[in-house]
Amino acid sequence: MVSRVIPVDPFDLVIFGGTGDLARRKILPGLFRRFIAGQMPEGSRIIGAARSEHDDAEYREVARAAIEEFGGEEKKDPALQDFLGRLHYVAIDATGEGGWSQLSGLMRDGVVRAFYFSVAPSLFGPLAERLHQHRIADGDSRIVVEKPFGRDLESAKALNATLASHFDERQIYRIDHYLGKETVQNLMAIRFGNVLFEPLWNSHYVDHIQITVAETVGVGGRGAYYDKSGAMRDMVQNHLMQLLCLIAMEPPAQFEADAVRDEKLKVIRALQPVDAHHIVRGQYDAGEDSPSYRQDSENPRSFTESFVAMRVMIANWRWAGVPFYLRTGKKLKARSSEIAVVFKDLGHSMFEGDEARHRNILSIRLQPNEGIDLQVTIKEPGPGGMRLVDVPLDMTFADALGPDGEDVPDAYERLIMDVIRGNQTLFMRGDEVEAAWAWTDPIIEGWERRADVPKLYEQGTGGPEDAQMLIHRDGRRWRDIKG
Ligand code: NAP
């Protein structure tokens, strides 16, 4: 199968924070892969910008080293030299005046202008202001804003207002790389491109839904940042909420940015408040040879959560009475992200001696091995009567789609190309982000008011015992976290 590469217009992409971790780990290697795929037309340029002094040649070496360290097979591609030739660098201070006239002089008419804010969130406002002041951004320019987008409703509103004073909403791309994942988009294709699932996608047939984003890493290295955030702000408010929206939303009229985002927004607005009884916070304890959260974050009195599990209800017709169980955490059993739609039991089993509870489960795996499987019940092969067994109908993309399945673009590269194409479908709109904070704020405020102490959990497990209780109480169980 030959993968179809959608052409894009020539562009200038300025990466503020072009020497930082995210740029080196994801953005530059991703852009190189798109270059190899033919999606960086003649005349397109990448301009790194940060405070450190570099010339173009030095920046190209920064990029080469990054691609060698973080790139995949493509790092051996002879096209690397040509790609590096497209890179330029400007030393610039987001909060000062240095470098701005030089950047202005580099800008060209007739190409797409995109500005990636891969810097600390405190610099988003200053960058937007200076791009405007120095007339570097025009009415068609796009800005890409990294997470975190605010730390509560108030700060998100303030940031939206600052960006809105310089850019129209159609120019602002708030990135959530979960939305760029192949499986997440496939979730929409599965739901809305097949006749099979949508009729069952409601409270008549769905017993409950589980969304798990489990990590094995701790917060070592970024403990200071994480300690001010916690799992609720770092993962639930954005990534898990976005997944929940895509699973629960009504079919949009078209696969078009505002149609999709309108439906997602309706889901967030229909979320019921979560009371303390239906949420569990955890913090990882010290392991045999590995530090505790408090040691990792260098805050011996930290009450920040590295784990959250919660039961969420959506107050609308489609989902009335269907619990959505969400959990995310660090230092868990395996690195695994999955959405599982667990369908209801059959009303009656006609098979004699069949005591087992057979359930259809649609599992959408985000990592590892991106793919989708549907657990179905069949007859166990061989003699011995009609014994039933559950087997997966598996569609691991890398297997199903052959070599091209392995070669699916990484979330960042896909999203950057969407920015160049001017397609906002997979980016969060300002009102969506605010609605998500409006829902999470009272939960976090409740914890702060009560000085809630997170439950300690053993590393390498599924989180604190209470998280098991949260779902057992409802007569259900978490799916195994499998890497
Ligand atoms: P980082 O490694 O600390 O890099 C920050 C970059 O910003 C550096 O290039 C730095 O270079 C530049 N910078 C700092 N102050 C500046 C200023 N006043 N003017 C211009 N440039 C300045 O941070 P990061 O990990 O790449 O993260 C960047 C953004 O992405 C953050 O918002 C973060 O939350 C988000 N993010 C990161 C990741 C990740 O995996 N790293 C994942 C998701 C989201 P100089 O010091 O030379 O100026």
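List of remarks:
- Condition check for residue 55: over 30 Å from residue 162 (Cβ atoms), surrounded by fewer than 17 Cβ atoms within 10 Å (Cβ to Cβ) and either among the acidic types (Asp, Glu) or at pLDDT 95 or above (or both): yes
- Region 447-465 - residue that is charged (D, E, K, R) and open to solvent by 60 Å² or more (accessible area, probe 1.4 Å) and, of those, farthest from residue 282 (Cα to Cα): 449
- Hits in region 212-237 (condition: touching a Phe, Trp or Tyr at 6+ places or on another chain (Cβ under 7 Å) and either closer than 15 Å to residue 463 by Cβ or open to solvent by less than 10 Å² (accessible area, probe 1.4 Å) (or both)): 218, 219, 231, 234
- The numbered conditions (1) within 16 Å of the ligand (Cβ to nearest atom); (2) closer than 24 Å to residue 9 by Cα are all true for residue 141 except (1).
- Some residue of region 385-398 being β-branched (Val, Ile, Thr), modelled with pLDDT under 95, more than 30 Å from residue 466 (Cβ to Cβ) and in a loop (DSSP other than H, G, I, E, B): no
- Taken as a whole, the condition of being within 14 Å of the ligand (Cβ to nearest atom) and either open to solvent by less than 70 Å² (accessible area, probe 1.4 Å) or part of a loop (DSSP other than H, G, I, E, B) (or both) applies to residue 93.
- Residue in region 231-276 that is nearest to residue 184 (Cα to Cα), counting only those that are modelled with pLDDT of 95 or more and of a type in the set (S, T, N, Q): 242
- Whichever residue in region 111-121 is near the ligand (Cβ under 9 Å from one of its atoms) and among the small types (Gly, Ala, Ser) and, among such residues, is nearest to the chain's Cα centre (by Cα): 118
- Evaluated against (1) buried (at least 18 other Cβ atoms within 10 Å of the Cβ); (2) at pLDDT 95 or above, residue 146 falls short on exactly one condition, (2).
- Candidate set: region 122-132, residues that are more than 12 Å from the ligand (Cβ to nearest atom) and open to solvent by 50 Å² or more (accessible area, probe 1.4 Å); chosen: the one nearest to the chain's Cα centre (by Cα): 129
- Being touching a residue at least 40 places away in the same chain (Cβ under 8 Å) and either away from the ligand (no atom under 13 Å from the Cβ) or of a type in the set (Val, Ile, Thr) (or both) holds for only one residue in 108, 151, 135, and it is 108.
- Taking first residues from region 112-132 that are over 15 Å from residue 99 (Cα atoms) and in a strand (DSSP E or B) and partners that are open to solvent by less than 10 Å² (accessible area, probe 1.4 Å) and within 9 Å of the ligand (Cβ to nearest atom), the Cβ contacts under 6 Å between residues at least 6 apart in sequence or on separate chains come to 116/15; 117/16; 117/124; 117/127; 117/145.
- Any chance residue 315 is among the small types (Gly, Ala, Ser), in contact (Cβ under 8 Å) with a residue 24 or more places away in the chain and surrounded by fewer than 20 Cβ atoms within 10 Å (Cβ to Cβ): yes
- Counting only residues that are within 19 Å of the chain's Cα centre (by Cα), among the hydroxyl-bearing types (Ser, Thr, Tyr) and at pLDDT 95 or above, region 152-199 holds 1 of them.
- 1 or more residues out of contact with any Cys (no Cβ under 8 Å at 6 or more places or on another chain) and within 15 Å of the ligand (Cβ to nearest atom): qualifying helices (runs of 4 or more DSSP H) within region 4-87: 28-36, 56-70
The values are calculated or read from the model by the stated rules, or taken from the named source; none is laboratory data. Note that the coordinates shown come from a computational prediction; the quantities given were computed from them, not determined experimentally. FYI the Cβ positions are ideal-geometry reconstructions off the backbone, even for glycines, and counts take in every protein chain you see. Please note that ligands, DNA and RNA were not included when accessible areas were found on the heavy atoms of the full protein model with its side chains. Shrake-Rupley method; radii C 1.70, N 1.55, O 1.52, S 1.80 Å.
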